Amino acid sequence: AEAARAQEAMALITPAALPGSSKSGVALLRAGWLFQEQLYADARRELVTALAADPDEPTLHLLLGQIYDRIGLGDMATREFIEARDLSSRRQ
């Protein structure tokens, strides 16, 4: 039942269902929902895929850092937080 609910929710969070949203924005929504549901491996997969297409989006790095922090990968979390900070400062 939980797997079916997750699949239904993810089917609603797609580029087609959210016209006008960027691919990174959709990935953030998907990963955020997965993070909330404690599906960390799936959330990480969404973010890594999104980062391959948009490596300069700081919010993707920030959420990935939060996932790493939550699962106890502190060094990786720190690297992502630093990357997010550096990318954000370049945009200002």
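All of the numbers you see were taken from the coordinates with simple rules; none came from a lab. As the structure is a prediction and not an experimental result, all values here were calculated from the model. Heads up, the Cβs are rebuilt from the backbone with ideal geometry, glycines too, and the neighbour counts pull from every protein chain shown.
The C-beta contact set for region 38-52 (first residue closer than 16 Å to I71 by Cα, second residue surrounded by fewer than 16 Cβ atoms within 10 Å (Cβ to Cβ) and of a type in the set (G, A, S), distance under 9 angstrom, 6+ apart or interchain) comprises L39/A6; D42/A6. Figure legend. Inter-residue proximity from region 1-30: first residues touching a residue at least 12 places away in the same chain (Cβ under 8 Å), second residues part of a helix (DSSP H, G or I) and among the charged types (D, E, K, R), beta-carbon distance below 6 Å, spacing 6+ or different chains. Indicated pairs: I13/R30; A27/E46; R30/E46.
Among the residues of region 1-38, those that are assigned to a loop (DSSP other than H, G, I, E, B) and surrounded by fewer than 17 Cβ atoms within 10 Å (Cβ to Cβ) comprise A1, T14, P15, A16, A17, L18, P19, G20, S21, S22, E37, Q38. Of the residues making up region 39-53, those that are part of a helix (DSSP H, G or I), surrounded by 13 or more Cβ atoms within 10 Å (Cβ to Cβ) and aliphatic (A, V, I, L, M) are A43, L47, V48, A50, L51.
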